[in-house]
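Pasting a structure here, questions to come.
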Amino acid sequence: MPSTSVTLVFLNGWENSFSVKFLCQLLKCTLGHKSDTHSSDTLSLPGFENLTEGYNKYLRPYFGGKPVQIALSLDVASISSISESDMDYTATIYLRQRWTDPRLVFHGNKSFTLDARLVELLWVPDTYIVESKRSFLHDVTVGNRLIRLFSNGTVLYALRITTTVACNMDLSKYPMDTQMCKLQLESWGYDGNDIVFTWFRGNDSVHGLEKLRLSQYTVERYYTLVTRSQQETGNYPRLILHFELRRNILYFILETYVPSTLLVILSWVSFWITLDSVPARTCIGVTTVLSMTTLMIGSRTSLPKTNCFIKAIDVYLGICFSFIFGALLEYAIAHYSSSQKHAGPTKETEDVHITNILNSSITSYKQKISLASTEISSDNVNYCDLTMKTHDKIRFVLRNKMHSIISYFTIQNPSNVDHYSKLLFPLFFMLVNVFYWAYYLYF
């Protein structure tokens, strides 16, 4: 005799008592078999009557007794975006939870997948994602949920979730940074006396991270932890997935580091141009300074304006800007020294002027002495003891001080400035680069 097929039509608005009985009948029709063609009980499942006796979806398994153990595993399908501005990441995961409910034990060695809408008739854990900003369950074409029953009472409950989770980032080494983000799962209402969370297979409970291909990051490593969260309302179990993201620096080298280095080298071209070529050297200096300023502004567009971090890329751009500005300043000093050497007053002229002041002071002194009928011989005058007028003396002292200071800083040969700059600027830039890359890559 051919087997009988049963077609079930689900209606909305079932009462809870009727729903449990209907679930029982559904499983009986699905799992039952015809033992005898002449038997009046053609569909039966020995032991399945446990579903109808005392099952309450509002009470956890082992209610009033030992805590129920929830074993979790997850697959990371994708990490669609990692935002430094908002300090978060968006991921799509497949979350699977397993627990044993003795009220759902039935005879046999099979497992049966039920319609996802029957989840409303069973007790399920109240797991939530800690530090989640936005989350939703996928519902195309129906809700992406799975419920599967095993003969020993084990329940498998799987969900497809997209969530945006906060991730505190340290951007001080950006773009050579490595970020450690977390995905934390915790029970919302049941504390450690009611629920115990565990990873299903330890680190092997997480899959998909090793296969991810992200635009700016590479997943270096990941590991799982089991801990507890102490709250005011109790001590709650928590599972943590740590994963380390290392930023790919190649893009930033081609986009920022190489152009800024070439601008610094371009600013050194002015050292090979003569001091008299004012338009040429000024044009190179101003152009490189403006180009460097534009590059610095463009590098900050992808980061928050209120970010308080001094990033590694900011340090490098600041170094490059300093060298470019230094090259422009070097020409200003060399050109000023050259113009002062050709147009400034000579030292001999100033010495003659000072001598005239001394002679006038000596003449005035002799006249005063002659009025007092004192015989003074000009050959016996000690010039060091003569008293000058107050303003002349001050002028004399200030001129001596200014001469000594100017002579100390005066560049005797302005052309040597360019000669030394050709060697010192590249040397110092190479040394700074060695210290920069060594610090940010290895410390």
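The values are calculated or read from the model by the stated rules, or taken from the named source; none is laboratory data. All values reported here derive from a predicted model rather than from experimental measurement. We place every Cβ from the backbone using ideal geometry, glycine too, and count neighbours over all the protein chains shown.
What single numbered condition from (1) surrounded by 15 or more Cβ atoms within 10 Å (Cβ to Cβ); (2) in the same structural domain as ASP191 (by TED's automatic domain parsing); (3) over 26 Å from VAL76 (Cα atoms); (4) not small (Gly, Ala, Ser) fails to hold for ASN235?
Every listed condition holds for ASN235 apart from (1).
If I ask for residues that are in contact (Cβ under 8 Å) with a residue 24 or more places away in the chain, farther than 30 Å from PHE243 by Cβ and within 43 Å of the chain's Cα centre (by Cα), which ones from region 123-149 would you list?
Those that are in contact (Cβ under 8 Å) with a residue 24 or more places away in the chain, farther than 30 Å from PHE243 by Cβ and within 43 Å of the chain's Cα centre (by Cα): TRP123, VAL142.
Report, by residue number, each residue of region 209-228 that is crowded, with 18+ Cβ neighbours inside 10 Å and farther than 29 Å from ILE313 by Cα.
Residue satisfying the conditions is THR224 alone.
Considering (1) at pLDDT below 90; (2) over 39 Å from the mean Cα position of the chain (by Cα), say which one THR100 fails and leave the rest.
(1)
Quick check on my filter: what residues within region 209-267 are assigned to a loop (DSSP other than H, G, I, E, B) and charged (D, E, K, R)? It would help to see each step written out before you state the result.
Initial filter on region 209-267 (assigned to a loop (DSSP other than H, G, I, E, B)): 212-216, 232-233, 248-249.
Listed by number, the residues that qualify are ARG213, GLU232.
Anything in region 268-277 that is in contact with a helix residue (DSSP H, G or I) (Cβ under 7 Å, 6 or more places away or on another chain) and either in a loop (DSSP other than H, G, I, E, B) or among the aliphatic types (A, V, I, L, M) (or both)? List them, or say none. Walk me through how you get there before you give the answer.
So in region 268-277, the residues in contact with a helix residue (DSSP H, G or I) (Cβ under 7 Å, 6 or more places away or on another chain) come out as 268-271, 273, 275.
Once the filter is applied, which keeps residues that are in contact with a helix residue (DSSP H, G or I) (Cβ under 7 Å, 6 or more places away or on another chain) and either in a loop (DSSP other than H, G, I, E, B) or among the aliphatic types (A, V, I, L, M) (or both), region 268-277 yields VAL269, ILE273, LEU275.
Do any strands (runs of 3 or more DSSP E) entirely within region 76-180 hold 1 or more residues that are closer than 27 Å to TYR55 by Cα and out of contact with any helix residue (DSSP H, G or I) (no Cβ under 8 Å at 6 or more places or on another chain), and if so, which?
Values: elements: 88-100, 111-114, 127-130, 132-137, 145-150, 154-166.
Output list reads 88-100, 111-114, 127-130, 145-150, 154-166.
Okay, next question. Name the residue that is farthest from the chain's Cα centre (by Cα), counting only residues in region 161-177 that are surrounded by fewer than 18 Cβ atoms within 10 Å (Cβ to Cβ) and at pLDDT 95 or above.
Ranking the candidates gives THR162 first.
While we're on this one: Are there any pairs with C-beta distances below 6 angstrom linking a residue in region 100-117 that is without any contact (Cβ under 8 Å) to a residue 60 or more places away in the chain to a residue that is surrounded by 13 or more Cβ atoms within 10 Å (Cβ to Cβ) and basic (Lys, Arg), with the two at least 6 apart or on different chains, and if so which?
Hits for this filter: SER111/ARG148; THR113/ARG148; ALA116/ARG145.
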